[in-house]
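Each reported figure results from applying straightforward, stated rules to the coordinates on display, with no laboratory input. Computed from a predicted model, the values in this text were never measured in an experiment. All Cβ positions, even for glycine, are placed from backbone atoms using ideal geometry, and neighbour counts span all protein chains on display.
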Amino acid sequence: MIPFLDIKAMHAELKPELDAAYRRVMDSGWFVLGREVEAFEAEYAAFCGTTHCVGVGNGLEALELVLRAWDIGAGDEVIVPSNTYIATWLAVTAVGARVVPVEPTANGPNIDPDRIARAITARTRAIMPVHLYGEPADMDSIKAIAGRHGLRVVEDVAQAQGAKVRGRRCGSLGHAGAHSFYPTKNLGALGDAGAVTTDDVALANRIRVLRNYGSRVKYVNIERGFNSRLDELQAAFLRAKLLRLDGWNQHRRAVAARYLDRLSGIPGLGLPRAPQWAEPVWHLYVVRTPRRDELMGRLDRAGIGSLIHYPIPPHLQQAYASLGFGKGSLPLAEAMADTVLSLPMDAYLGLDAVDEIARVVRAALA
């Protein structure tokens with residue numbers, strides 16, 4: 001059996017560090033917005049290369065609170081990828097703004113800067129690129145476009161902790177970065193958790209107020225806020241894992257390189273190929289094939305896990321039926337949804353397991 005993701009192996013190796021983190025929090029008697037959160041915020045900001053990090057409840061709320069802190073709302077437009085998980089869109093509509101979906105590049109999963117430029121209107125306030133599957137979007141081009149039009153850029157870094165564009169970490173490339181630490185992420189908590197990274201002190205300070213009921217001083221509420229606070233316990237666990245993140249990501253790169261070597265040349269199988277300026281972290285290893293159902297069946301019978309990320313693009317979800325996007329309105333996102341398949345990928349996947357997966361894939365599609 002080769003599982004799609006083996007979280008248990010990670011936690012078995014980290015058990016002493018995780019147990020120590022648990023004991024620190026229990027012994028402290030302090031469970032919300034304390035020393036562990038402060039320490040993680042400082043350590044993760046340093047890791048990303050930003051001045052500030054603000055811990056919040058989850059990745060979706062990280063995106064939403066950034067938009068709220070920028071006073072984006074009704075009547076405003078935010079450019080989002082057509083090819084993404086629905087959370088990216090949910091953050092925009094949660095603040096009352098309008099999503100403007102833009103298709104991906106022809107050769108990759110991420111939003112196309114040229115199409116972004118054509119989608120900007122007088123109502124556009126922000127651009128929300130996603131570093132999908134752990135592959136960075138073309139942030140240099142996106143920031144240049146935003147600069148010419150006076151727009152804000154918030155990176156969705158949910159799948160790309162540690163990824164780089166020309167040597168700089170994702171989360172430090174826009175005006176803000178929104179991070180998810182859902183347990184399956186490259187840096188995952190043992191529950192929901194998230195953060196915002198930024199060099200903008202005013203933005204960081206306002207998010208600190210918004211996450212805590214609109215309060216900076218206890219029982220003094222200066223605006224209508226929310227309850228979106230990173231737990232002390234999750235922060236302690238994340239601190240232990242952050243020390244291993246670069247090493248885990250390096251192993252994922254070795255796995256991706258092995259996949260590329262073993263899967264190359266299979267007819268009808270599209271393989272991911274990152275741009276030379278990008279250093280991905282391979283949160284997912286996503287191939288494309290029109291014979292996806294057949295391949296999934298063969299993998300399943302061989303005891304190999306696989307998943308589809310994502311089978312229905314946001315514009316075709318019932319949640320957004322009111323926006324009027326019909327089938328065929330965003331054909332590149334729809335083509336991705338119909339053909340993508342994620343093969344096993346994690347920091348503990350052995351290269352011999354990759355060889356076995358590749359053998360089954362080749363036998364199924366040859």
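If you bin all the Cα-Cα distances of the range 210-289 at 10 Å, starting from zero, the percentages per bin are 15, 26, 19, 19, 15, 6, 1.
Only Cα sites of the chain enter the Debye sum here, all with the same form factor; the resulting log10 I(q)/I(0) across q = 0.09, 0.11, 0.15 1/Å is -0.51, -0.76, -1.34, listed in q order. Principal axis extents of the C-alpha atoms in the range 1-97 (largest first, rounded to whole Å): 51, 42, 26. Placing a label point 7 Å from the Cα of THR184 along the Cα-to-Cβ direction, the residues of the range 113-148 whose backbone N falls under 20 Å of that point are 130-136.
Between ASP261 and ARG216, what is the FRET efficiency for a Förster distance of 51 Å, r being their Cβ-Cβ separation, to the nearest 0.05? Between ASP261 and ARG216 the formula returns 0.40. Shown is the FRET efficiency for ARG123 and ASP27, computed with R0 = 41 Å from the Cβ-Cβ distance and rounded to the nearest 0.05: 0.20. Kirkwood Rh and Cα-based Rg: tell me the resulting Rg over Rh for the range 245-365, rounded to two decimals. Here the Rg-to-Rh quotient is 1.01.
The gain in end-to-end length when the ALA254 to MET1 segment is fully stretched comes to 89.0 nm, 0.36 nm per residue minus the alpha carbon separation. The distance from the alpha carbon centre of the range 21-61 to that of the range 87-106 is 28 Å, rounded to a whole number. Candidate membrane-span-like segments in the chain, meaning DSSP H helices with Cα atoms spread over at least 18 Å of their own axis and a Kyte-Doolittle mean of 0.0 or above, are 351-365, with no membrane implied.
Between SER329 and TRP277, the FRET efficiency estimated from the beta carbon spacing at R0 = 45 angstrom works out to 0.90.
So for the range 97-223, what percent of the C-alpha to C-alpha distances run longer than 18 Å? The share of Cα pairs beyond 18 Å in the range 97-223 comes to 58 percent. Adding -39500 (n - 2.57) for every DSSP H run of four residues or longer, then dividing by how many residues the chain holds, sets the calculated 222 nm ellipticity at -12500 deg cm²/dmol.
One Cα centroid belongs to the range 290-366, the other to the range 211-286; the line between them spans 20 Å. Using only alpha carbons, the range 45-167 has a radius of gyration to Kirkwood radius ratio (Rg to Rh) of 0.93.
Pairs with C-alpha atoms separated by more than 25 Å, drawn from the list LYS164/LYS327; LYS8/LYS185; LYS15/LYS218; LYS164/LYS241, are LYS164/LYS327; LYS15/LYS218.
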